[in-house]
Structure formats: C-alpha cells, structure tokens
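Shown next, in structure tokens, is the structure this report addresses.
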Amino acid sequence: MSRVVRFATIAIALGLFASPNLAAKNARQHRIAIHVDQNDPAVMNQALNNATNVIEYYRGKGEEVQVDVVAYGPGLHMFRDDTSPVKDRIKWLTEFSFPSNIKFSACHITKELMEKREGHSIPIISQATLVPSGVVHLMELQEQGWSYIRP
C-alpha cells in the first residue's frame, strides 16, 4: 500500500473515531448567571421564574443548561435562612425540580457586613454556597462565557 493510501486510511479512521468527541466538544453549553441585588420578593421570584423557564426550555430541547443565581447587597436576603421569602421554593428547585442544573451563590462580603451591622451571625440556607464576592463571581462567570441577566 502506498504511503498516500495508508495516510488517507489512517486519517479517515481517526476522523470516524474522533467525530463523536468533536461533536460533544463543539456542542453549545448553555450557562446563565442571574443577578439579585434587591430585598424584594417580587424580584427574587422573578429570578427563580427566569431560572425555571430557562431550564425547562432547554430540557424540552434535550440540551444541557446550568443556572447560577448570584445574590449580594440587599439581595442576600434571598439566601438568608432567617429572612428569605423564597427559601421553600429554592429548596424545592434544588431537591426535586432541577438538582443538577441550578446553584445559588451568596456574597461573603455582604454576609460579613450584615453580621457586623446586626451584631450576630447571619444564617445562610444550605442550598446556597458562599462566594468571596458576588460582584467578582458574576464578572468571572461572564469572562468564562456565561450569559447574564438581571430580573
């Protein structure tokens, strides 16, 4: 077999084996960061509605999606165990509806400021993860290609 034919055969074989992996790598990743910075139940519920709608849309298409709801400033009340008007809904979303599609990020800087101002520890719901800075977290997600919305 000539070198050209051997090379062509190897190239075709590699292309056949690589195609599924290339398709998986080239599949568009749907990732959205939702920003909450207001202590307003309507805004918090709108953020959760947006998250639910996005996840259900892509589930319906058979595509993967990740949502990160990021709260800081007065919006941190969304994740405070003692003041959240939406904590039961968040629990439902993470435990039953979309456990692998949604996460909640709480600003550590805001938590510390609230604790200093209020003079006691601020309890954060178990579904939320503390991030060093909510603003920086949003910025870094966008730098990684995440879409951004603010309800």
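Quick notes on this structure:
- Number of positions in segment 31-65 that are closer than 23 Å to residue 79 by Cβ and part of a helix (DSSP H, G or I): 16
- Scanning segment 109-144 for residues that are among the hydrophobic types (A, V, I, L, M, F, W, C) and more than 15 Å from residue 81 (Cα to Cα) gives 109, 113, 131, 135, 136, 138, 139, 141.
Yes or no, residue by residue, for (1) touching a strand residue (DSSP E or B) at 6+ places or on another chain (Cβ under 8 Å); (2) of a type in the set (Val, Ile, Thr); (3) farther than 15 Å from residue 39 by Cα:
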position: 89; (1), (2), (3): no, no, yes
position: 103; (1), (2), (3): yes, no, yes
position: 107; (1), (2), (3): yes, no, no
position: 113; (1), (2), (3): no, no, yes
position: 116; (1), (2), (3): no, no, yes
position: 120; (1), (2), (3): no, no, yes
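- Filtered by the rule that a residue be under 15 Å from the mean Cα position of the chain (by Cα) and among the charged types (D, E, K, R), segment 66-120 gives 68, 103.
- Filter result for residue 36 (touching a residue at least 24 places away in the same chain (Cβ under 8 Å), crowded, with 22+ Cβ neighbours inside 10 Å, among the hydrophobic types (A, V, I, L, M, F, W, C) and touching a strand residue (DSSP E or B) at 6+ places or on another chain (Cβ under 9 Å)): yes
- Residues located in segment 103-148, provided they are in a strand (DSSP E or B) and closer than 23 Å to residue 91 by Cβ: 103, 104, 105, 106, 107, 124, 128, 129, 130, 131
- Qualifying positions in segment 55-91 - buried (at least 20 other Cβ atoms within 10 Å of the Cβ), closer than 25 Å to residue 144 by Cα and small (Gly, Ala, Ser): 71, 75
- Count - residues of segment 11-57 that are among the aromatic types (Phe, Trp, Tyr) and either in contact with a helix residue (DSSP H, G or I) (Cβ under 9 Å, 6 or more places away or on another chain) or modelled with pLDDT of 95 or more (or both): 1
- When residues in segment 92-151 are screened for being more than 24 Å from residue 65 (Cβ to Cβ), surrounded by fewer than 18 Cβ atoms within 10 Å (Cβ to Cβ) and in contact (Cβ under 8 Å) with a residue 40 or more places away in the chain, 2 of them pass.
- Those residues of segment 32-57 which are under 22 Å from residue 83 (Cβ atoms) and acidic (Asp, Glu), in sequence order: 37, 40
The values are calculated or read from the model by the stated rules, or taken from the named source; none is laboratory data. Only a predicted model underlies this, so the values are computations on that prediction, with no experimental measurement involved. Ideal geometry is used to build each Cβ from the backbone, glycine not excepted, and the neighbour counts take in all protein chains shown.
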